[in-house]
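Undergrad: Starting off with a structure, shown below.
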Amino acid sequence: MRSLVFDIIKRWIQRKFPTVKWLKTRQLAGWLRDRTQPQPLLLDARTEAEYQVSHLPQAQRIDPHHPNLEDIAVDKDVPVVVYCSIGYRSARIAQQLELSGFTNVYNLEGSIFQWVNEGNPVFQGDRPTVRVHPYNANWGRLLKAKYRSEG
């Protein structure tokens, strides 16, 4: 059931943000393992409370509601991967980055929920963890129970 709901949500987000490029979680995992390639800037488009529970390795948080794109201190051609809980907030930020002249921007398909559900690593600060903020009770059901924090 979780996979069907994810598919429906992903299709809806893709229709809402048709210009945004998507990156599959397995592609990002491979990219992060391959240190011979330039590494992407990972932007976490969730609230501070969500980010404090966990985030992808080396990710920087960007405010999902009032992003300050001028704070992104990288060349506009550097690869940028944006994620949130399921992909909506990050798609909106990815679209804003594209409109601001960033040329290599991706939205992580399924975002942190899919990432962790597949067993990929998340961190609390510099320490590995297995918990992810559920965003709210309804969306949190998209996380496998063993990964869902108390909020």
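The values are calculated or read from the model by the stated rules, or taken from the named source; none is laboratory data. This is a predicted model, so every value here is computed, not measured. No Cβ is skipped: glycine too gets one built from the backbone with ideal geometry, and neighbour counts run over all protein chains shown.
Undergrad: Would you confirm whether any residue within the stretch 65-73 is touching a residue at least 60 places away in the same chain (Cβ under 8 Å), over 23 Å from residue 150 (Cα atoms) and crowded, with 18+ Cβ neighbours inside 10 Å? Quick ask: steps written out before the conclusion?
TA: Within the stretch 65-73, the subset touching a residue at least 60 places away in the same chain (Cβ under 8 Å) is none.
No, there is no match, as no residue in the stretch 65-73 is touching a residue at least 60 places away in the same chain (Cβ under 8 Å), over 23 Å from residue 150 (Cα atoms) and crowded, with 18+ Cβ neighbours inside 10 Å.
Undergrad: Kindly indicate the residue of the stretch 74-112 that is surrounded by fewer than 21 Cβ atoms within 10 Å (Cβ to Cβ) and of a type in the set (Val, Ile, Thr) and also nearest to residue 29 (Cα to Cα) among those meeting that condition.
TA: This residue is 78.
Undergrad: Could you tell me whether the stretch 131-138 includes any residue that is surrounded by 20 or more Cβ atoms within 10 Å (Cβ to Cβ) and either of a type in the set (D, E, K, R) or in contact with a Gly (Cβ under 7 Å, 6 or more places away or on another chain) (or both)?
TA: Filtering the stretch 131-138 down to residues surrounded by 20 or more Cβ atoms within 10 Å (Cβ to Cβ) leaves 132-135.
Now drop any that are not either of a type in the set (D, E, K, R) or in contact with a Gly (Cβ under 7 Å, 6 or more places away or on another chain) (or both), which leaves 133-134.
Yes, that holds for at least one residue.
Undergrad: So which residues in the stretch 17-37 are exposed (fewer than 12 other Cβ atoms within 10 Å of the Cβ) and free of Cβ contacts under 8 Å to residues at least 60 places away in the same chain?
TA: Of everything in the stretch 17-37, those that are exposed (fewer than 12 other Cβ atoms within 10 Å of the Cβ) and free of Cβ contacts under 8 Å to residues at least 60 places away in the same chain turn out to be 18, 30, 33, 34, 35, 36, 37.
Undergrad: Find the residue count for the stretch 106-135, including only residues that are of a type in the set (S, T, N, Q) and closer than 24 Å to residue 95 by Cα.
TA: Taking the stretch 106-135 as the starting set, the residues that turn out to be of a type in the set (S, T, N, Q) are 107, 111, 114, 117, 120, 124, 129.
If we keep only those that are closer than 24 Å to residue 95 by Cα as well, we get 107, 111, 114.
Looking only at that region, the number is 3.
Undergrad: Please list, ordered by residue number, the helices (runs of 4 or more DSSP H) wholly in the stretch 80-151 having 2 or more residues that are touching a residue at least 24 places away in the same chain (Cβ under 8 Å), in contact with a Leu (Cβ under 9 Å, 6 or more places away or on another chain) and under 24 Å from residue 67 (Cβ atoms). Spell out the reasoning first.
TA: Working: elements: 88-99, 111-117, 137-140.
Of the helices (runs of 4 or more DSSP H) lying wholly inside the stretch 80-151, those with at least 2 residues that are touching a residue at least 24 places away in the same chain (Cβ under 8 Å), in contact with a Leu (Cβ under 9 Å, 6 or more places away or on another chain) and under 24 Å from residue 67 (Cβ atoms) span 88-99, 111-117.
Undergrad: Exactly one of (1) surrounded by fewer than 18 Cβ atoms within 10 Å (Cβ to Cβ); (2) touching a helix residue (DSSP H, G or I) at 6+ places or on another chain (Cβ under 8 Å); (3) modelled with pLDDT of 95 or more; (4) closer than 18 Å to residue 109 by Cβ is unmet by residue 44. Its number?
TA: It is condition (1) that residue 44 fails.
Undergrad: Being within 10 Å of the chain's Cα centre (by Cα), aromatic (Phe, Trp, Tyr) and farther than 14 Å from residue 21 by Cβ: is that true of residue 83 here?
TA: Working: within 10 Å of the chain's Cα centre (by Cα): yes; aromatic (Phe, Trp, Tyr): yes; farther than 14 Å from residue 21 by Cβ: no.
No: the conditions fail for residue 83.
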